[in-house]
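To keep things clear, I will list the structure first and then write my remarks on it.
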Ligand code: ADP
Ligand code: ZN
Ligand code: ZN
């Protein structure tokens with residue numbers, strides 16, 4: 001009887017593939033997590049061994065042997081492999097794709113997992129004089145042979161010193177049988193405890209948090225570190241990590257977006273005199289592989305990365321930190337739709353290490369986790385170094401005249417703060433010049449030809465852009481329907497920049513949004529101009545709300561809070577409150593007292609009044625009550641089945657069938673809602689609709705999904721649409 005190997009192959013099928021062991025390989029020696037070459041159709045591909053079994057559902061005659069084993073030791077260690085299997089199940093995603101997401105690209109095509117070094121040695125035949133002698137005129141070749149005669153083997157550096165064309169010479173010697181090439185794994189450098197830089201003396205609250213985290217070493221202990229912006233959360237991470245490093249363990253730190261937070265990485269680099277492994281999406285494959293190896297060997301005591309770094313291998317795990325845990329970028333929005341924050345909790349549990357979720361504006365999920373006793377709350381109530389919380393005021397746009405989106409009291413406040421030597425930051429979550437190009441004569445508004453949306457005016461480029469599908473066109477001279485003149489209506493950051501330049505012609509001004517910092521290095525340069533004080537006025541989008549420390553900003557203006565007040569999504573108000581509080585947190589981070597102005601036409605809206613009277617905590621308390629009453633997450637679990645197609649009726653037909661299947665299986669616990677079309681039904685030429693599954697908890701939902709999805713996959717209608725399942729979706733469309 002021979003064992004069957006259950007292997008994950010990177011293809012979009014929700015199952016493992018069965019193979020017999022490669023010829024001559026004892027399956028008992030194969031550990032789950034090693035890679036193998038396997039035949040797949042007519043191709044040869046790599047796969048990862050997930051399990052060995054006694055039986056297969058395939059008949060014996062259909063079972064093919066794997067071709068060869070690639071690794072001696074697993075590329076994915078046991079506990080990570082278990083996490084990935086669990087995640088494939090939980091998110092109902094093909095296991096091969098889930099496992100591939102955890103590996104740097106070169107490892108998916110069979111590159112050695114360990115770093116190898118090439119060395120060359122004289123062949124036995126050369127050493128015993130069995131080969132025909134080299135020509136006396138082949139000086140270079142003879143020199144190489146002479147150099148190799150005196151040692152067991154020579155490395156690249158030794159040979160390169162002999163001749164600039166050493167590679168050619170070595171290749172020739174190899175071909176003639178004189179030289180053999182060896183590949184040896186480089187032994188990981190023995191971990192040396194890195195030197196630790198100094199930080200400020202922790203406050204008593206920081207000290208308490210650091211001690212609680214350190215006392216939980218070696219245990220599965222989730223913490224929520226809730227502290228207002230500037231309260232010293234990063235300092236708590238740094239100290240807790242220093243403890244981990246002192247114990248010769250590793251810390252894994254997740255951050256929302258590294259390109260937006262160069263300051264944070266710099267702070268880590270300054271504190272730990274050790275190689276940091278930094279993992280993010282703009283690395284080359286080789287850079288990513290290097291960081292992966294440093295994490296796996298244990299050479300890097302601290303690993304910092306974005307979402308997918310949650311899959312980084314760890315030789316000696318000690319702590320996981322998720323900074324800005326509320327940030328939506330932790331949820332992957334396509335393909336394998338995982339939440340890195342949720343996987344951090346699951347991974348820490350498997351590894352038995354503490355996990356710290358940090359935020360000034362925690363997600364309602366994490367607050368509920370604390371309420372339910374599944375996480376410990378650590379609070380940093382005050383700002384450090386005597387900085388005071390900013391005063392927040394509403395500017396009623398119905399009462400005050402506004403020039404291009406900036407109300408008169410706002411203009412006066414800007415003047416006052418600039419006069420007192422402060423910097424001013426204006427936030428508007430809309431790039432471009434104006435959101436609409438409008439014809440006052442006939443009411444035409446430039447539409448996107450491929451979406452149910454309007455085109456945004458980009459004045460500087462003289463073009464119209466769709467922010468949903470990316471399509472572009474020139475700005476028309478006049479209205480295409482009535483030929484009257486058209487005009488931009490509403491404000492984007494580009495227009496605010498223009499208005500500010502007119503109002504404050506002598507004040508250095510910077511715009512920070514995706515258009516302004518497209519060039520590599522442009523964002524860093526712009527942030528430097530802000531922190532150095534060269535820039536006094538700053539206008540920008542969401543990019544400005546992320547963790548930056550601008551010590552001189554004393555006034556923050558939220559130009560339009562109203563876009564999010566009446567969102568259709570059940571998370572719209574949570575997002576808006578987080579954004580307002582985060583951007584407000586850029587004000588008065590150092591000695592200068594801060595002020596925040598929020599422009600709105602709805603000053604009585606409860607979200608705004610709660611934020612002003614009681615801060616984020618008051619908002620969150622009320623929002624949690626509402627979610628509970630309405631039975632939305634975190635008090636329920638949802639999943640959505642999305643579908644899109646080029647004809648309007650097709651997605652709904654598919655979802656109607658899927659709904660019938662779900663209702664037949666669902667029982668009473670899971671509610672099936674929809675299908676509903678998206679509020680913006682057509683995007684990039686495709687019509688979109690979705691079905692929502694709503695369950696009281698994740699077990700009934702998982703039980704249904706496990707039986708339902710295979711049936712959905714088999715529907716004939718499924719072949720006519722692009723469909724995807726999103727478990728724990730962040731956005732409903
Ligand atoms: P957060 O991560 O909560 O925004 P930081 O850790 O970045 O806060 O701290 C904000 C500022 O206060 C930083 O400049 C930091 O160096 C400083 N800081 C943090 N903790 C202390 C402390 N205990 N004493 C003095 N300054 C501190
Ligand atoms: Zn017109
Ligand atoms: Zn479009």
Exactly one of these conditions fails for residue 188: (1) modelled with pLDDT of 80 or more; (2) within 22 Å of residue 246 (Cα to Cα). Give me its number. (1)
Take the residues of the stretch 697-731 that are modelled with pLDDT of 95 or more and assigned to a loop (DSSP other than H, G, I, E, B): which is nearest to ligand 3 (Cβ to nearest atom)? 721
Could you run through the stretch 431-447 and say how many residues are away from ligand 3 (no atom under 16 Å from the Cβ) and on the phi > 0 side of the Ramachandran plot? 1
Go through the stretch 448-473 and count every residue that is surrounded by 15 or more Cβ atoms within 10 Å (Cβ to Cβ), more than 28 Å from the chain's Cα centre (by Cα) and more than 9 Å from ligand 3 (Cβ to nearest atom). 7
Out of the stretch 224-243, which residues are more than 11 Å from ligand 1 (Cβ to nearest atom) and surrounded by 24 or more Cβ atoms within 10 Å (Cβ to Cβ)? 240, 241
Return the residue satisfying two criteria in turn: it lies in the stretch 657-696 and is within 16 Å of ligand 3 (Cβ to nearest atom) and at pLDDT 95 or above, and of such residues it is nearest to residue 640 (Cα to Cα). 688
Conditions first: (1) under 28 Å from residue 618 (Cα atoms); (2) part of a loop (DSSP other than H, G, I, E, B); (3) free of Cβ contacts under 8 Å to residues at least 24 places away in the same chain. Residue 201 passes all but one, so which condition is the exception? (1)
Which count do you get for residues in the stretch 40-55 that are farther than 15 Å from residue 8 by Cβ and touching a residue at least 24 places away in the same chain (Cβ under 8 Å)? 2
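For (1) modelled with pLDDT under 90; (2) part of a loop (DSSP other than H, G, I, E, B); (3) over 30 Å from residue 614 (Cβ atoms), each residue gets a yes or a no:
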| site | (1), (2), (3) |
| --- | --- |
| 480 | no, yes, yes |
| 500 | no, no, yes |
| 511 | no, no, yes |
| 530 | no, no, yes |
| 538 | no, no, no |
| 549 | yes, yes, no |
| 563 | yes, no, no |
| 581 | no, no, no |
Expected single match for away from ligand 3 (no atom under 16 Å from the Cβ), part of a loop (DSSP other than H, G, I, E, B) and modelled with pLDDT under 90 among 103, 134, 182 is 134
If a residue has to be in a helix (DSSP H, G or I) and touching a residue at least 60 places away in the same chain (Cβ under 8 Å) to count, how many in the stretch 417-438 make the cut? 2
Suppose the filter is surrounded by 13 or more Cβ atoms within 10 Å (Cβ to Cβ) and touching a residue at least 40 places away in the same chain (Cβ under 8 Å); does residue 156 pass it? no
Residue 623 vs. criteria in contact with a strand residue (DSSP E or B) (Cβ under 9 Å, 6 or more places away or on another chain), surrounded by 14 or more Cβ atoms within 10 Å (Cβ to Cβ) and at pLDDT 95 or above: no
Taking the stretch 659-697 and keeping residues in contact (Cβ under 8 Å) with a residue 60 or more places away in the chain, crowded, with 17+ Cβ neighbours inside 10 Å and under 27 Å from residue 365 (Cβ atoms) leaves 694
Give the residues of the stretch 266-281 that are in contact (Cβ under 8 Å) with a residue 24 or more places away in the chain and more than 24 Å from residue 78 (Cβ to Cβ), sorted by residue number. 267, 268, 270, 271, 272, 273, 274, 275, 276, 278, 280, 281
Considering each of 381, 435 in turn, give the residue that is more than 16 Å from ligand 2 (Cβ to nearest atom), within 33 Å of the chain's Cα centre (by Cα) and under 20 Å from residue 602 (Cβ atoms). 435
Scan the stretch 500-519 and tell me whether some residue there is more than 16 Å from ligand 3 (Cβ to nearest atom) and farther than 20 Å from residue 426 by Cβ. yes
Provide a single number: the residues in the stretch 439-478 that are outside any loop (DSSP other than H, G, I, E, B) and either within 15 Å of ligand 2 (Cβ to nearest atom) or without any contact (Cβ under 8 Å) to a residue 24 or more places away in the chain (or both). 7
Residue under question is residue 84, and the condition is that it be farther than 26 Å from residue 39 by Cβ, assigned to a helix (DSSP H, G or I) and within 21 Å of the chain's Cα centre (by Cα); does it hold? no
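The values are calculated or read from the model by the stated rules, or taken from the named source; none is laboratory data. Nothing here was measured: the structure is a model prediction, and the numbers come from that model. Here the Cβ is made from the backbone with ideal geometry for all residues, glycine too, and neighbour counts use every protein chain on show.
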